[in-house]
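The values are calculated or read from the model by the stated rules, or taken from the named source; none is laboratory data. Bear in mind the structure is a predicted one, so any value in this text is a computation, not a measurement. So basically every Cβ, Gly included, is an ideal-geometry build from the backbone, and we count neighbours across all protein chains shown.
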Amino acid sequence: MLREDERLPFTDHLEELRSRLIKSAIAVAAGFLLCYGFKEQLFEVLVFPLIRVMPEGGKLIFTGLPEAFFTYLKVSFFAGILLASPVLLYQFWMFVAPGLYGKERRVLGPVIAITSFFFMGGALFGYFVVFPFGFRFLLSFGSDFIRTLPSMHEYLNFSVKLLFIFGLLFELPVLLALLARLGIVSVDLLRRNRKYAVIGAFVVGAFLTPDVVSTILMAIPLIILYEIGIFGATWLTRKKAAAPGAEDKPA
């Protein structure tokens, strides 16, 4: 880290931030252009959990002339952000790292990696496990007189929102470990409230999923994630107690 007399002026920090943002925008734009060349294939991947449970011959529709075009643009943009995420994380790290203590730098890197891992795990769980059961239940309301005609735009918004929610839910272990590390909650408190966590997991599952099977499939991972959070909280608090009062100095 820079010494006190070598610290950059505020305008230089703004210039560095501008540079990092421009590089991030270029990475997203490049990812978008690359993904737009495979827009149909990417949308087919996203819609696959719905197509596999639709009646034979079922298809998606678009009800406005520009709907398909803008849907493909959104799919390409979201995929471009995902493709550019390593660059985005790197630019974020390079901007904040010089202002951190050595101990904070050693912690922030793993936190970013673990957070990304759990978020992606939640999104993949929603895609591969919850979506097929949930969509099958929702399509069951069709009948001889009611035909299911989902539109591209509605499916994209619905599925992306759900994937984002599942990703956030899977951040539970990170949140619990962080709260314990900050002293806001204790490991004993987390252990004593297991029964409430189980009830809460089923309530969240019932709120986010449309049928009993999907609710159970959502609640069980949340319960497991709660236990992982207790393990992480225990490890962090023990590590903190092993080095009481230890303050790292700026690098």
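Against the condition among the basic types (Lys, Arg) and touching a helix residue (DSSP H, G or I) at 6+ places or on another chain (Cβ under 7 Å), how does Lys195 come out, does it pass? Don't jump to the end; show me each part of the working.
Values: among the basic types (Lys, Arg): yes; touching a helix residue (DSSP H, G or I) at 6+ places or on another chain (Cβ under 7 Å): no.
Answer is no for this residue.
Just to be sure, is Gly80 free of Cβ contacts under 8 Å to residues at least 60 places away in the same chain, in contact with an Asp or Glu (Cβ under 8 Å, 6 or more places away or on another chain) and surrounded by 16 or more Cβ atoms within 10 Å (Cβ to Cβ)?
Working: free of Cβ contacts under 8 Å to residues at least 60 places away in the same chain: yes; in contact with an Asp or Glu (Cβ under 8 Å, 6 or more places away or on another chain): no; surrounded by 16 or more Cβ atoms within 10 Å (Cβ to Cβ): yes.
Judged against the criteria, Gly80 is not a match.
Residues are listed down the side, and each one gets a yes or a no for (1) in contact with a Cys (Cβ under 8 Å, 6 or more places away or on another chain); (2) surrounded by 19 or more Cβ atoms within 10 Å (Cβ to Cβ); (3) not aliphatic (A, V, I, L, M):
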| position | (1), (2), (3) |
| --- | --- |
| Pro110 | no, no, yes |
| Ile114 | no, no, no |
| Gly126 | no, yes, yes |
| Phe133 | no, yes, yes |
| Ser151 | no, no, yes |
| Phe170 | no, yes, yes |
| Pro173 | no, yes, yes |
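Does the stretch 206-215 include one or more residues that are among the polar types (S, T, N, Q) and either touching a strand residue (DSSP E or B) at 6+ places or on another chain (Cβ under 7 Å) or farther than 30 Å from Lys74 by Cα (or both)? Spell out the reasoning first.
Looking only at the stretch 206-215, we keep the residues that are among the polar types (S, T, N, Q), and these are 209, 214-215.
Subset that is either touching a strand residue (DSSP E or B) at 6+ places or on another chain (Cβ under 7 Å) or farther than 30 Å from Lys74 by Cα (or both): none.
No.
Would a scan of the stretch 213-223 turn up a residue that is under 21 Å from the mean Cα position of the chain (by Cα), assigned to a helix (DSSP H, G or I), more than 18 Å from Phe128 (Cα to Cα) and at pLDDT 85 or above?
yes
Among the residues of the stretch 139-149, what is the count of those that are under 18 Å from Thr209 (Cα atoms) and either of a type in the set (Phe, Trp, Tyr) or surrounded by 16 or more Cβ atoms within 10 Å (Cβ to Cβ) (or both)?
Number of matching residues: 1.
For the stretch 16-40, give me each residue that is assigned to a helix (DSSP H, G or I) and surrounded by fewer than 12 Cβ atoms within 10 Å (Cβ to Cβ). It would help to see each step written out before you state the result.
Quick first cut of the stretch 16-40, residues assigned to a helix (DSSP H, G or I) only: 16-36, 39-40.
Of everything in the stretch 16-40, those that are assigned to a helix (DSSP H, G or I) and surrounded by fewer than 12 Cβ atoms within 10 Å (Cβ to Cβ) turn out to be Arg18, Ile22, Leu33, Glu40.
Taking Ser140 as meeting all but one of (1) under 25 Å from Leu83 (Cα atoms); (2) without any contact (Cβ under 8 Å) to a residue 40 or more places away in the chain, write down the number of the exception.
(1)
Identify the single condition in (1) in contact with a Ser or Thr (Cβ under 8 Å, 6 or more places away or on another chain); (2) modelled with pLDDT of 85 or more; (3) not aliphatic (A, V, I, L, M) that Thr209 does not satisfy, given that it satisfies every other one.
(2)
Looking at the stretch 176-199, can you tell me whether even one residue there is within 21 Å of Val129 (Cβ to Cβ), surrounded by 14 or more Cβ atoms within 10 Å (Cβ to Cβ) and over 24 Å from the mean Cα position of the chain (by Cα)?
Residues of the stretch 176-199 within 21 Å of Val129 (Cβ to Cβ): 197-198.
With the extra rule that they be surrounded by 14 or more Cβ atoms within 10 Å (Cβ to Cβ), the set shrinks to 197-198.
Filter again for over 24 Å from the mean Cα position of the chain (by Cα), leaving none.
Checked against the condition, which is being within 21 Å of Val129 (Cβ to Cβ), surrounded by 14 or more Cβ atoms within 10 Å (Cβ to Cβ) and over 24 Å from the mean Cα position of the chain (by Cα), the stretch 176-199 yields no hits at all.
With respect to Ala241, determine if the residue is within 20 Å of Val174 (Cβ to Cβ) and either over 22 Å from the mean Cα position of the chain (by Cα) or part of a helix (DSSP H, G or I) (or both). First the steps, then the outcome.
Working: within 20 Å of Val174 (Cβ to Cβ): no; either over 22 Å from the mean Cα position of the chain (by Cα) or part of a helix (DSSP H, G or I) (or both): yes.
So Ala241 does not fit the description; no.
I need the full set of residues from the stretch 41-77 which are buried (at least 17 other Cβ atoms within 10 Å of the Cβ), more than 24 Å from Gly31 (Cα to Cα) and either at pLDDT 90 or above or β-branched (Val, Ile, Thr) (or both), in order please.
Result: Pro49, Leu50, Val53, Leu60.
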